[in-house]
Amino acid sequence: MEENKLENEVMELEEEISAPEKKKKSAKEEILDWAKTLLLYCVLPLAIFQTFCFMASVPTGSMETTIPVGAQVVTTRIFNKDNINHGDIIVFNSDELGVVLIKRCIGLPGDSVYFDGTGDVYVNGALLKEPYVSSWSDFEGEFTVPEDCYFFLGDNRAGSHDARFWDEPYIHKSEVKGKARFVLFPFSNFGILE
């Protein structure tokens with residue numbers, strides 16, 4: 001019994017002697033470890049986010065009540081502009097106004113958009129169902145969207161300076177930046193956009 005105990009102690013000592021000593025890291029190695037961690041958990045995800053997404057701010061009340069003035073909206077970049085659909089909320093450059101705007105896509109390339117003066121909008125002769133509209137306008141007129149262009153309106157029709165009133169009512173697809181996905185701030189409006 002005493003012999004087994006002695007053997008165990010000898011084996012433990014041999015293991016301790018043969019085990020490599022834990023080497024203390026130098027300051028340079030410690031900094032490199034932190035840099036790798038920051039790169040992996042902060043810089044890389046941020047770079048991926050910036051490649052596929054960006055933040056947009058709503059400059060006016062034209063999209064109320066869907067999106068309030070000053071809201072910060074997470075937007076995904078659109079790489080294939082042919083994937084834009086009626087009703088999508090799109091972020092685009094307005095050369096005419098010199099600002100980035102957020103509006104709803106009402107007309108696609110080749111569409112005929114007609115306003116009957118009662119607030120109803122017809123696209124290619126069919127009444128457009130618009131549950132997102134917060135106020136109506138008595139605007140009357142007709143537009144035919146050229147190829148490679150889109151026609152955008154605000155949800156707050158009575159308070160929106162949009163394609164109906166621009167000198168150049170059509171936005172070329174090269175000016176489209178992305179699709180608004182959800183409101184990040186203010187937190188009271190946090191949620192997915194439809």
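Odds and ends about this structure:
- Selection within region 40-62: residues that are touching a residue at least 60 places away in the same chain (Cβ under 8 Å) and of a type in the set (S, T, N, Q). The member of this set that is farthest from GLY154 (Cα to Cα) is THR60.
- Looking across region 155-194, the residues that are over 15 Å from LEU97 (Cα atoms), assigned to a loop (DSSP other than H, G, I, E, B) and not aromatic (Phe, Trp, Tyr) come down to ASP155, PRO186, LEU193, GLU194.
A quick yes/no check of all residues on (1) in contact with a helix residue (DSSP H, G or I) (Cβ under 9 Å, 6 or more places away or on another chain); (2) of a type in the set (Ser, Thr, Tyr); (3) modelled with pLDDT under 95; (4) under 24 Å from PHE190 (Cα atoms):
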residue: VAL58; (1), (2), (3), (4): no, no, yes, yes
residue: GLU64; (1), (2), (3), (4): yes, no, yes, yes
residue: ALA71; (1), (2), (3), (4): yes, no, yes, yes
residue: ILE89; (1), (2), (3), (4): no, no, no, yes
residue: ASP111; (1), (2), (3), (4): no, no, no, no
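- Single match in ASN80, ASN85 (criterion: modelled with pLDDT of 85 or more, touching a Cys at 6+ places or on another chain (Cβ under 8 Å), loosely packed, with under 12 Cβ neighbours inside 10 Å and within 30 Å of VAL123 (Cβ to Cβ)): ASN85
- Among the conditions (1) closer than 24 Å to CYS53 by Cα; (2) in a loop (DSSP other than H, G, I, E, B); (3) not hydrophobic (A, V, I, L, M, F, W, C), GLY119 misses just one, which is (1).
- Flag for VAL133 being surrounded by 15 or more Cβ atoms within 10 Å (Cβ to Cβ), β-branched (Val, Ile, Thr), free of Cβ contacts under 8 Å to residues at least 40 places away in the same chain and not in a strand (DSSP E or B): yes
- So PRO146, is it in a loop (DSSP other than H, G, I, E, B), in contact with a Phe, Trp or Tyr (Cβ under 8 Å, 6 or more places away or on another chain) and surrounded by fewer than 16 Cβ atoms within 10 Å (Cβ to Cβ): yes
- For region 26-54, taking the residues that are surrounded by 10 or more Cβ atoms within 10 Å (Cβ to Cβ) and of a type in the set (Gly, Ala, Ser), the one that is farthest from ILE78 (Cα to Cα) is identified as ALA35.
- Pairing residues of region 63-90 that are assigned to a strand (DSSP E or B) with residues that are of a type in the set (Ser, Thr, Tyr), at Cβ distances under 8 Å and at least 6 apart in sequence or on separate chains, gives GLN72/SER57; VAL73/SER57; ARG77/THR51; ILE89/THR66; ILE90/TYR150.
- Qualifying residues in region 149-194 (those that are within 15 Å of ASP111 (Cβ to Cβ) and among the hydroxyl-bearing types (Ser, Thr, Tyr)) - the one surrounded by the most Cβ atoms within 10 Å (Cβ to Cβ): TYR150
The values are calculated or read from the model by the stated rules, or taken from the named source; none is laboratory data. Given the structure is predicted, the values throughout are model-derived calculations rather than measurements. Glycine also receives a Cβ, built like all others from the backbone with ideal geometry; neighbour counts cover every protein chain displayed.
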